[in-house]
1. Using helices alone, what [θ] at 222 nm do you get for the chain, with -39,500 (n - 2.57) per DSSP H run of 4 or more residues, divided over all residues and rounded to the nearest 500?
2. Under unit Cβ charges (Lys, Arg +1; Asp, Glu -1), what dipole magnitude, rounded to 20 debye, does the chain have relative to its Cα centre?
3. With the cut-off at 18 Å, report for the chain the share of all Cα pairs above it, as a whole percent.
4. Any chance you could give the angle, 0 to 90 degrees and rounded to 10, that helix 13-24 forms with the longest Cα principal axis of the chain?
5. Please find the FRET efficiency linking Ala41 to Met1, where r is the Cβ-Cβ separation and R0 is fixed at 35 Å, and quote it to the nearest 0.05.
6. How many Å² of accessible area per residue for the chain, probe 1.4 Å?
7. Relative to the first principal axis of the alpha-carbon coordinates of the chain, what is the inclination of helix 32-50, with its axis defined by its Cα atoms, in degrees from 0 to 90 and to the nearest 10?
8. Residues of the stretch 9-24 with backbone nitrogen within less than 12 Å of a virtual label 7 Å along the Cα-to-Cβ line of Trp48, please, listed as ranges.
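The values are calculated or read from the model by the stated rules, or taken from the named source; none is laboratory data. Quantities reported herein were computed from a predicted structural model and do not represent experimental measurements. When we count neighbours, we look across all protein chains shown, and the Cβ atoms used for this are built from the backbone with ideal geometry, even at glycine. Note: accessible area is taken over every heavy atom of the protein model, side chains too, but ligands, DNA and RNA are not part of it. Shrake-Rupley method; radii C 1.70, N 1.55, O 1.52, S 1.80 Å.
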Amino acid sequence: MAKQIELETVLRGEEARAFNRYIETPTQSFTPESRALFREARQLSKDWFRK
């Protein structure tokens, strides 16, 4: 049986910094749910790079 392919997006350097600036901009309109997802994604990325 075929194994499922896991896709991921990796941001590095200026792309990562630009993404963080975009997320931290106070004029952005996010729902509480989307903010929670972004926080979880950030934590997962930090955990991933510590391995």
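1. That calculation yields -20000 deg cm²/dmol at 222 nm.
2. I would put it at about 200 debye.
3. In whole percent, the share of Cα-Cα pairs in the chain beyond 18 Å is 44.
4. Helix 13-24 sits at roughly 50 degrees to that axis.
5. 0.75
6. About 102 Å² of surface per residue is accessible.
7. Orientation of helix 32-50: about 50 degrees from the principal axis.
8. Those under the cut-off are 9-12.
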